[in-house]
Amino acid sequence: MAAATQQQLRAISVVLPGDDVTDQIHQQQQTSNSKKRPKLGMGLRTTTATNDLDQSSGGNNSDDDTTVRVIATCAGRLVQHPNNHTFFVKQNIQKYRPLLEDRVIGIVEERVASDGSGGDIYRVNIGGPHPALLSNLSFEGATKRNKPNLSPGLLLYARIESTPRGLDNNLSCTLGPHDGGVPRKDWMTNEGTYGILTGGTCRKIPLGLARELLYPDNLVLQELGRKNIPFEVCVGVNGMLWVHSSRPEYTILIQNAILNSQVLTEDQVRGMVKSLVETVQQSIREEED
Amino acid sequence: MAGSNSNTNKRTLRPDGRPSQGNTLRPLACELSCTHRADGSALWKAGLTHVLAAVYGPIAPLVIAKENPNQGMVSVVIKMSDQGQQQQSNNQTLEYGQFLHDVLTACIDVSKFPRCVMEVVLQVIQSDGSMLACLLHAAVAALMDAGIDLLYMPVATTCLVVLPSSLDGTKKKKSRILLDPTSAEEFEDDDCSSVVVLVNEKNNPDAILGSHTFGGGVTLEDLLACVQVASKACHAIPAFFRLAMEQKVTRESQTLWSR
């Protein structure tokens, strides 16, 4: 289990707000023999050291940047990304905070205004502190004449295009700078990366679970994929999970399996998926008979 | 004091059975993520004082006009265990709330949450002295559970200062300092004792982030003595926070993050 974790993220320690993690980061850099300067992600900040902090660290830093200390601001697990030198604090929290280029699932709330060039602006709930804005012209291939009609309650998969300071964030359903290599499909074809999610069901999940589901080798999704049940799933990093399958029973099964997986170990997940699928398939068969 | 034989024995024990020498804290307990709807929550127990804290946020303020485009705001709501008590101690609740608001605003990295409010709701379940410290610890635990960025971790210490005149039969001139008093101790000599709450920072135990005094007030000498007690005692709470958080993270790393 430990080996599997190391492939993805190198866990270092549990930190509390205010913890000085400079020495841990230095140590980690030394063991991985990297010369590059570490990057700091979420949950870490830098301060220039005061005298008493210098004393507490014991003065064992040989580097030139001893005056800069790295302090944790969140409680969680300090991890290092294996491919680069980014350190951050990993947490499993409930409330989403929008960041640029996040891919999120939103619910259309209402039309706010017209955008002045023939489109309409809609307010979309993305689970963050404030709603986001989406123009129905910011779809792939949308024109004044030919644009999607968004009605309240509609589910969308979109990315956060801009986060203007002091204003609501803007969403977009067109391909962005992080979507390199994805074929550009017109919104009419319903085959694009972003767009309206039709059918299925959506629910809120913790943000840590959402991030975990987005790994390509996520166990619970792989196990479900082996069970010969066709399904579609869409995960927004804002903690929204959308599931669609051929039967409502299967949709509920998949939702339950994903929710259960967050409190189960690897072997338990395999067993849970197997038993869930067997019970549901048996009850479907009994119903049909 | 019932019998003269047990007199000496009783003097070394405090009403709840702690030794009067050595300034001990009451047993602590903490449960994180205990309510379902809140973004972060914690149940904090110090002896018989139990507080349930829930953090909602960052959320948009109810009145849009109150948004601050530069920094986040903190709102603190304190609810007492029963309605009668609530009416009676309304002033005190407001006083607690204002103090907690000031301390938390200083400790939360408000620059990261423009236009938002962090709402802290504190429900007192049982109250048995050292209320303010317990409220603060519950709030901090819930904020950590909600993943809100904190610049500093505040740690509160409650000291009961009993003036020398109230001690029957002793001729000592120094006043007595009791750490983490129960409500029985707080109300025992209401006239000649005061409660000092000092808030320290975890990494810098000699510095005081905030202080609050209930009762008649204390002399400078007593206050300095309290500061010394506080800087010694404030290591226990972060250690306990760490235990609680480690337990939560370990559970997650065995299941959610094991893959």
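A short reminder: the numbers here are calculations on the coordinates, not readings from a lab. Every value quoted in this text rests on a predicted model; they were computed, and no experiment measured them. Ideal geometry is used to build each Cβ from the backbone, glycine not excepted, and the neighbour counts take in all protein chains shown.
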Single residue of segment A:138-159 satisfying the filter (more than 20 Å from A:GLU191 (Cα to Cα) and in contact with an Asp or Glu (Cβ under 9 Å, 6 or more places away or on another chain)) that is surrounded by the most Cβ atoms within 10 Å (Cβ to Cβ): A:PRO152
Residue match in segment A:225-242 (condition: within 14 Å of chain B (Cβ to nearest Cβ) and surrounded by fewer than 18 Cβ atoms within 10 Å (Cβ to Cβ)): no
Count - residues of segment B:180-228 that are within 14 Å of chain A (Cβ to nearest Cβ) and either outside any loop (DSSP other than H, G, I, E, B) or loosely packed, with under 13 Cβ neighbours inside 10 Å (or both): 8
Which listed residue is without any contact (Cβ under 8 Å) to a residue 12 or more places away in the chain and outside any loop (DSSP other than H, G, I, E, B), from A:ALA113, A:ALA158: A:ALA113
Of residues in segment B:89-127 being surrounded by 19 or more Cβ atoms within 10 Å (Cβ to Cβ) and of a type in the set (D, E, K, R), the one farthest from B:PRO27 (Cα to Cα): B:ARG115
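I'd like the full set of residues that are part of a loop (DSSP other than H, G, I, E, B) and either in contact with a strand residue (DSSP E or B) (Cβ under 7 Å, 6 or more places away or on another chain) or within 7 Å of chain B (Cβ to nearest Cβ) (or both), limited to segment A:72-83. Let's see the steps before the verdict.
So in segment A:72-83, the residues part of a loop (DSSP other than H, G, I, E, B) come out as A:73-75, A:81-83.
Residues satisfying the conditions are A:THR73, A:CYS74, A:ALA75, A:PRO82.
Would you check if B:ALA156 is part of a helix (DSSP H, G or I) and crowded, with 24+ Cβ neighbours inside 10 Å?
Considered against the rule, which asks whether it is part of a helix (DSSP H, G or I) and crowded, with 24+ Cβ neighbours inside 10 Å, B:ALA156 comes out as no.
With the structure loaded, tell me whether A:VAL124 is in a strand (DSSP E or B), more than 14 Å from every other protein chain (Cβ to nearest Cβ), surrounded by 21 or more Cβ atoms within 10 Å (Cβ to Cβ) and hydrophobic (A, V, I, L, M, F, W, C) or whether it fails that test.
On the way: in a strand (DSSP E or B): yes; more than 14 Å from every other protein chain (Cβ to nearest Cβ): yes; surrounded by 21 or more Cβ atoms within 10 Å (Cβ to Cβ): yes; hydrophobic (A, V, I, L, M, F, W, C): yes.
Taking the combined requirement at face value, the residue satisfies it.
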Subset of segment B:229-259 that is of a type in the set (A, V, I, L, M) and under 16 Å from the mean Cα position of the chain (by Cα) - its residue that is farthest from the other protein chains (Cβ to nearest Cβ): B:VAL229
Number of the condition not met by B:ILE148 [criteria: (1) under 14 Å from the mean Cα position of the chain (by Cα); (2) within 11 Å of chain A (Cβ to nearest Cβ); (3) of a type in the set (Val, Ile, Thr)]: (1)
Segment B:56-73 residues that are over 17 Å from A:LYS95 (Cα atoms) and facing chain A (nearest Cβ under 7 Å), paired with ones that are of a type in the set (D, E, K, R) and surrounded by 11 or more Cβ atoms within 10 Å (Cβ to Cβ) (beta carbon under 7 Å, 6 or more apart): B:PRO69/B:ARG115
